[in-house]
């Protein structure tokens with residue numbers, strides 16, 4: 001059977017992760033961090049690092065600066081299943097500082113925001129698009145022209161809206177072009193209405209993640225699904241859990257699994273991810289994920 005291929009456009013950074021001893025409170029204060037470290041971050045990297053370890057050929061287009069931070073990011077993305085399409089910019093490589101509470105909540109500070117060059121190499125993206133099975137395009141300004149490329153090649157477009165609030169006009173073009181939507185309920189309390197609106201607008205599937213409260217899905221047939229998280233997994237670092245969930249879901253989708261089983265695979269990948277400082281768990285593999293699925297589905 002031919003290996004599946006995913007094209008990811010956008011989203012790599014160098015992140016400084018700072019774990020706080022307690023949730024942040026308003027007012028001036030001095031805080032002694034529990035620990036801090038650096039790692040590759042952002043949604044394109046998170047998806048690529050998980051999908052590649054699940055045996056899926058992945059092309060990742062990214063923009064980085066001409067600096068040591070870019071060297072680190074690109075070094076972390078080296079894997080036999082990852083093809084990198086790298087464009088260099090005069091701006092610094094994207095960088096974040098993530099403040100993490102003991103229970104996994106995050107405040108993310110964009111210390112060096114992503115660059116938005118006026119022109120990108122659409123030819124290389126178009127070639128990758130022609131061979132891909134699914135395109136997942138990050139919600140960055142520079143990626144907007146690639147939405148039309150996906151449609152021109154008639155490729156399914158999976159869009160991750162992250163912490164969309166249901167109102168921000170910035171997301172409208174991505175929402176309108178999407179075939180499948182992933183979103184977090186962090187800033188979307190009326191998520192069920194949003195999901196129903198998108199299905200009524202012609203989307204094939206909408207998946208909403210709720211952190212520790214699991215996930216919800218709605219299909220074009222009007223069927224609702226609910227999935228709990230996998231319990232009893234240690235929390236080391238919650239960064240990347242959403243991208244791991246997306247990757248586990250897509251891995252199962254490529255095996256023609258049911259929506260419910262795709263959600264369970266997504267939850268398994270996310271559970272593994274939060275047990276690691278990286279955006280993926282080093283133990284992640286198709287066999288590991290299959291084993292977790294079998295164990296949990298028997299409960």
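Any read-out appearing in this document is the output of simple, stated calculations on the displayed coordinates, not a laboratory observation. Quantities reported herein were computed from a predicted structural model and do not represent experimental measurements. Cβ sites come from the backbone with ideal geometry, for glycine too, and all protein chains shown count toward neighbours.
General observations
- Helix-only mean residue ellipticity at 222 nm for the chain, each DSSP H run of n ≥ 4 adding -39500 (n - 2.57), per residue, nearest 500: -9500 deg cm²/dmol
- Full extension of the chain between residue 212 and residue 190 gives 6.2 nm of extra length, using 0.36 nm per residue less the Cα-Cα distance.
- With a simple spin-label model that places each label point 7 Å from the Cα along the Cα-to-Cβ direction, the separation between residue 144 and residue 67 comes to 2.5 nm.
- Antiparallel DSSP beta bridges within the chain, as percent of all bridges there, nearest 5: 40
- Taking the DSSP bridge list for segment 172-220 and keeping only pairs wholly inside it, about 50 percent are antiparallel.
- Most fluctuating residue given options 26, 92, 189, as computed from a GNM of the chain linking Cα atoms under 10 Å: 26
- Segment 68-220 - share of DSSP beta bridges that are antiparallel (%, nearest 5): 50
- Among 163, 15, 243: highest mean-square fluctuation, GNM of the chain, C-alpha pairs under 10 Å: 163
- Multiplying the residue separation of residue 38 and residue 152 by 0.36 nm and subtracting their alpha-carbon distance yields 37.2 nm.
- Taking 0.36 nm per residue of separation and subtracting the current Cα-Cα distance, fully stretching the chain between residue 204 and residue 221 would add 5.3 nm.
- Each Cα pair under 8 Å and six or more residues apart adds its separation to the average, and for the chain the resulting relative contact order is 16 percent.
- Normalised by the number of residues in segment 75-143, the average gap of Cα pairs under 8 Å and 6 or more apart makes the relative contact order 25 percent.
- Calculated FRET value between residue 258 and residue 29, using beta carbons and R₀ = 41 Å, to 0.05: 0.25
- When the chain is treated as a GNM with alpha-carbon contacts under 10 Å, the residue of 167, 127, 151 showing the greatest mean-square fluctuation is 167.
- Computed from the C-beta positions of residue 173 and residue 127, the FRET efficiency with R₀ = 22 Å rounds to 0.40.
- Relative contact order for segment 18-125, counting Cα pairs under 8 Å that sit 6 or more residues apart, in percent: 27
- With one equal scatterer per alpha carbon and no solvent term, the Debye-computed log10 I(q)/I(0) for segment 104-236 at 0.18, 0.19, 0.21 1/Å reads -1.10, -1.17, -1.27.
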